[in-house]
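Asker: Starting off with a structure, shown below.
The values are calculated or read from the model by the stated rules, or taken from the named source; none is laboratory data. As the structure is a prediction and not an experimental result, all values here were calculated from the model. Virtual Cβ from ideal backbone geometry, glycine too; neighbours counted across all protein chains shown. Only protein heavy atoms, including side chains, enter the accessible area calculation; ligands, DNA and RNA are left aside. Shrake-Rupley method; radii C 1.70, N 1.55, O 1.52, S 1.80 Å.
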Amino acid sequence: MIKHCGGPAVVQRWSGGGASVVQCADGCRWCTDGGPAVVRWWVQIPFMNSISFEPNLEILCYTENKYDMNINAKNQNPSLFAYFKSRNTFMVLVFIFETPKFGDHIQKTLDSGIHIHRKTQKVGHGSNLFCKHYSTRLSDTPARSSSLSVDVTMSDQQCEGPPLQHSSSSSSSSSPRNGIDVFWDDCMLDHDTGAGVFDTGMDPGFLDVLEKHPENSDRIRNMLSILKRGPISPFISWHPSRPALVSELLSFHSREYIDSLLEANKNGGMEICSGTFLNPGSWKAALVAAGTAISAMKYIVDGNGKICYALVRPPGHHAQPTQADGYCFLNNAGLAVQYALDSGSKKVAVIDIDVHYGNGTAEGFYHSDKVLTISLHMNHGSWGPSHPQTGSINEVGEGAGYGYNLNIPLPNGTGDKGYTYAMTELVVPVITKFKPDIMVFVIGQDSSAFDPNGRQCLTMEGYREIGRIIRNLADDHSNGRILIVQEGGYHVTYSAYCLHATLEGVLNLPHNLLSDPIAYYPEDDSFAVKAIRLIKQHQTRILPLLRHDDNC
């Protein structure tokens with residue numbers, strides 16, 4: 001039998017049979033009694049196996065330069081769904097099995113990636129081998145193996161590299177190279193933004209039900225849980241975080257501003273600016289959010305991973321060097337960018353798709369030609385003293401930074417096609433010419449069709465396509481290095497789904513893992529396309545990075 005990995009477990013029973021399925025806190029699942037049953041779970045296989053998917057077709061799976069048992073679909077009677085990660089030599093399997101002793105054939109560790117090669121190939125560390133990658137689709141409903149229909153498609157691809165180093169699952173687990181390293185700390189849930197009329201904190205006295213502030217912990221809890229238990233979970237590795245040091249904060253923010261936040265926290269908190277509440281627990285959460293972004297960037301810079309996601313709150317992209325704004329105290333993305341520069345990176349690109357202008361990040365690097373800041377946002381303009389920037393096409397940077405701030409203010413309701421058009425026509429050519437060492441992908445799901453704080457009508461498919469574009473740009477220009485930083489997204493349910501879709505896109509998976517539960521939104525992109533063309537005409541005249549001549 002497969003041993004428990006040590007995490008707290010939840011026992012479930014499936015309608016397909018009588019076996020118990022245990023799921024530990026790290027997300028692995030297994031059959032505990034080996035009885036006759038149909039059980040379905042996601043699992044990353046840690047050992048070498050020759051698995052037959054169809055007659056005369058065998059592939060060899062290996063890790064750690066070690067060969068183990070030969071499991072054949074005929075004599076062991078499992079039905080197998082293999083989901084291969086595109087552009088990599090690793091896969092995740094979903095098993096639906098009906099066999100008494102199948103657990104005896106699986107070693108106890110379920111957290112390692114695997115390499116896949118045809119059995120006829122000789123494999124070894126450092127080999128560059130010709131492989132077959134297989135992708136299949138499977139019904140969401142557990143079914144007996146005899147009735148399972150699996151559609152297999154094949155694509156030829158060059159595979160390279162040695163097997164993964166094995167590491168046991170703990171607070172930080174090993175992931176395939178095409179996975180995402182997520183940095184998180186629970187204390188960010190302690191930032192209590194209160195309740196009232198939307199984000200005002202006001203109780204008018206005549207409402208029986210006051211809503212939570214839109215930037216509340218529930219939205220992040222769902223993002224956290226969908227990454228831990230959703231279909232994308234096998235692609236995720238979890239890493240702890242730490243609070244940022246004051247000295248680190250001063251790399252982006254002024255001493256006077258940080259001192260004012262320290263004083264406010266010491267005095268029990270206050271409303272820093274409209275809708276932005278520093279309450280007990282908020283300052284620690286803000287420090288950890290900043291430290292999380294820095295830690296994730298350090299992981300990339302140190303060569304430990306290529307795609308990292310800083311799941312953070314409070315958000316940060318509105319926080320300017322000298323003031324708070326729009327629910328943001330510390331600029332998490334800006335601090336991570338500065339860390340990359342201080343660590344030797346020559347050029348960093350920031351692409352912000354939050355529905356609101358990333359004014360704080362732009363302000364922090366407004367005079368720098370080492371950082372290209374791009375923001376696709378709702379055309380909302382300035383909203384007061386804390387947000388004097390307009391996000392218009394005329395805010396392009398100053399001094400050495402002239403031409404390195406690209407604003408793309410989009411009309412309300414731009415939608416999936418409009419965003420894709422903007423990415424293709426504006427973002428792709430600018431990034432291609434800038435050629436950053438690292439890309440920082442600033443995400444906010446408040447540009448979705450159902451967000452209470454935005455009007456841009458993106459659906460899961462739109463986020464997925466933006467993620468794909470970002471991944472392709474990173475592969476082409478940044479050696480695949482992407483830091484993803486969380487910002488807004490205030491629909492408690494749909495934001496989590498849109499996050500899942502965004503990360504699917506970044507992983508560049510060949511098939512969608514999760515369908516859209518609510519979105520069909522009629523889309524007319526004609527007005528958005530017209531607006532984007534006008535923006536491009538204007539920006540091409542003044543921004544060297546958008547000009548076609550090679551001498552700029």
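Asker: Please note which strands (runs of 3 or more DSSP E) are completely contained in the range 262-344 and include at least 1 residues that are open to solvent by less than 10 Å² (accessible area, probe 1.4 Å).
Answerer: Once the strands (runs of 3 or more DSSP E) in the range 262-344 are filtered for at least 1 residues that are open to solvent by less than 10 Å² (accessible area, probe 1.4 Å), what remains is 276-278, 307-310.
Asker: Tell me which residues, restricted to the range 366-394, are open to solvent by less than 30 Å² (accessible area, probe 1.4 Å), in a loop (DSSP other than H, G, I, E, B) and in contact (Cβ under 8 Å) with a residue 12 or more places away in the chain.
Answerer: Within the range 366-394, 368, 386, 389, 391 meet the criteria.
Asker: Further question on the same structure: For the range 407-512, list the helices (runs of 4 or more DSSP H) that sit wholly inside it and hold at least 3 residues that are without any contact (Cβ under 8 Å) to a residue 60 or more places away in the chain and either open to solvent by less than 20 Å² (accessible area, probe 1.4 Å) or within 29 Å of residue 229 (Cα to Cα) (or both); which are they?
Answerer: 460-477, 494-507
Asker: For residues that are surrounded by fewer than 21 Cβ atoms within 10 Å (Cβ to Cβ) and within 11 Å of residue 220 (Cα to Cα), tally how many sit in the range 180-194.
Answerer: Number satisfying all stated conditions: 2.
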